[in-house]
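A short write-up of the structure that comes next.
The values are calculated or read from the model by the stated rules, or taken from the named source; none is laboratory data. Note that the coordinates shown come from a computational prediction; the quantities given were computed from them, not determined experimentally. Because the Cβ atoms are built from the backbone with ideal geometry, glycine has one as well, and the counts that use them run over all protein chains shown. Quick note on the areas: whole protein, heavy atoms, side chains included, nothing else; ligands and nucleic acids left out. Shrake-Rupley method; radii C 1.70, N 1.55, O 1.52, S 1.80 Å.
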Protein chains: 2
Amino acid sequence: MKHLLSQIKIEVNDKLYLKDPESTDLGRRIIQHSILLIDRMGFEQFTFKKLGKEINSNESSVYRYFENKHKLLLYLTSWYWAWKEYQLVFSTANIVDASAKLQKAMQVLTRQVEKDAVISHIDEVVLSRIVVNEFSKSYLTKEVDRENKEGFFAVHHRLVLRLREMILEVRSDYPYPSSLASTILEGSLHQFFLKEHFPSLTECSETILPSDYFTHMVLNVLNLKNNG
Amino acid sequence: MKHLLSQIKIEVNDKLYLKDPESTDLGRRIIQHSILLIDRMGFEQFTFKKLGKEINSNESSVYRYFENKHKLLLYLTSWYWAWKEYQLVFSTANIVDASAKLQKAMQVLTRQVEKDAVISHIDEVVLSRIVVNEFSKSYLTKEVDRENKEGFFAVHHRLVLRLREMILEVRSDYPYPSSLASTILEGSLHQFFLKEHFPSLTECSETILPSDYFTHMVLNVLNLKNNG
DNA sequence: TTATATTTGAAAGTTTTACTATTAATTTGC
DNA sequence: GCAAATTAATAGTAAAACTTTCAAATATAA
């Protein structure tokens, strides 16, 4: 995986940036350090001025790459979901059994991101924390419908629909495949959050994983026996 | 319900306000119109200055009731969850069968709020939209652990734990009662959001309700047959 | 290699937000 | 009817969220 991924460029909607941050050294530093800064101080406290300082550059230079910090967040989360989509497609590619495939997909989508990471300047472990803590804020806005029309959430939607298809391959008569798929994706982020901050609201811990919980759920809801 | 509720004062953590907004006419106008304004313009665009203008009062007067808009949001969402808790306790009080009780609880917690509403100055339908769109923002912050220690999320936690207990009454050996309870509460907000903004990611619609989806899920996960 | 174009950095300016402080007017409680 | 409390109005501050200008550095093309 390591080698393969380092060759591949994760693509996100090009309306999310003014200038492709992957195209320059400054751009890559913006991405790299925005991830670290947002993780450290939270999205609300994060500003382009602070980021400019952090990378020994300038606020105005950051504004040449991204219109505002909201677009930057959309860029980062889109990148994350595109990366997950790549993993999903790759790791389920040769599985023929629909149930085994679905279970593999769920494991890929709900597992904790580990730090054997992969792509040069992006720390995927830190980015995954940002997704847990900030992803909701990217769509819980008054602009969501307009931005959705522009395709800003397309990668994430594609992922949900891929999972939905795998659910239907296993049980074509299951009545809520989209809802179940979206619950798994959003719900696993939520369970990771609860584990860190509201541990009394989840069984998830160091030993019990969101994957275990959701796998159990899906096996029962789709009336399967474990064959992963 | 109407009559009963109008007698009862919903109580929230008193550290959330500087002066009890239920104690004065101005306070009640602040609550009433903050709900309408946040719904209209979204939490990010909402300010105390705009609210002051809206109620023919002043920014500085609003600040005498609430430290900042984050505390106001915590107040509003706590109020909502306390109201839901009241409904939950009331409507499950005399049900003896554990399974029927759980199903009733789920229905109360995941149903759409209807406009036969109840408490004088608070529009519960609009407030429920705010909860769908803004509740996550109240805890996805860097201050969450400190605020949790202060009990700012206590009402919501209590609700999750009540649901958890009902799940365990039905299936004491179900391994993920807290996670399932938190998934139902958070997940139903999410399904309402998807229905409005990302309809391709959910089956929920005018005819299919989040209640239907989650009821089906819980019946299967807990291996029950429908007896609600 | 020099001229030209592009990118970046530094600084200053604008508007809005998120407050705080002061004081005057109004309301309320006794 | 007077004192105390509350509210409204105004002004002020610091920081956020940008925009503009310009000069310096760097890349590129002739």
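Observations on the structure shown:
- Positions within the stretch A:179-209 being β-branched (Val, Ile, Thr) and without any contact (Cβ under 8 Å) to a residue 60 or more places away in the chain, in sequence order: A:Thr183, A:Thr202, A:Thr207, A:Ile208
- Enumeration of residues in the stretch A:9-36 that are within 12 Å of DNA strand D (Cβ to nearest atom) and of a type outside the set (Asp, Glu): A:Leu18, A:Ser23, A:Thr24, A:Leu26
- Residues of the stretch A:44-58 classified as of a type outside the set (A, V, I, L, M, F, W, C) and open to solvent by less than 70 Å² (accessible area, probe 1.4 Å), total: 3
- Scanning the stretch B:100-117 for residues being open to solvent by 10 Å² or more (accessible area, probe 1.4 Å), at pLDDT 95 or above and over 16 Å from the mean Cα position of the chain (by Cα) gives a total of 4.
- Scanning the stretch B:11-23 for residues that are assigned to a loop (DSSP other than H, G, I, E, B) and either surrounded by 15 or more Cβ atoms within 10 Å (Cβ to Cβ) or modelled with pLDDT of 95 or more (or both) yields B:Val12, B:Asn13, B:Tyr17, B:Leu18, B:Lys19, B:Asp20.
- Among the residues of the stretch A:127-141, those identified as more than 7 Å from chain B (Cβ to nearest Cβ) and among the hydrophobic types (A, V, I, L, M, F, W, C) are A:Leu127, A:Ile130, A:Val131, A:Val132, A:Phe135.
- Considering each residue of the stretch A:37-46 in turn, none proves to be modelled with pLDDT of 95 or more, away from chain B (no Cβ under 14 Å) and more than 16 Å from DNA strand D (Cβ to nearest atom).
- Looking across the stretch A:63-75, the residues that are assigned to a helix (DSSP H, G or I) and within 9 Å of DNA strand D (Cβ to nearest atom) come down to A:Tyr63, A:Lys69, A:His70, A:Lys71.
- Cβ pairs under 7 Å, 6+ apart, first in the stretch A:34-46 and in a helix (DSSP H, G or I), second within 11 Å of DNA strand D (Cβ to nearest atom) and at pLDDT below 95: none
- Top-ranked residue in the stretch B:80-99 [being touching an Asp or Glu at 6+ places or on another chain (Cβ under 9 Å) and open to solvent by less than 20 Å² (accessible area, probe 1.4 Å); ranked as nearest to DNA strand C (Cβ to nearest atom)]: B:Tyr80
- Residues that are more than 9 Å from every other protein chain (Cβ to nearest Cβ) and either buried (at least 22 other Cβ atoms within 10 Å of the Cβ) or not in a helix (DSSP H, G or I) (or both), drawn from the stretch A:186-199: A:Ser188, A:Phe192
- Residues satisfying the stated conditions in the stretch B:200-228, i.e. touching a Pro at 6+ places or on another chain (Cβ under 9 Å) and either modelled with pLDDT under 95 or not in a helix (DSSP H, G or I) (or both): B:Thr202, B:Glu203, B:Cys204, B:Ser205, B:Ile208
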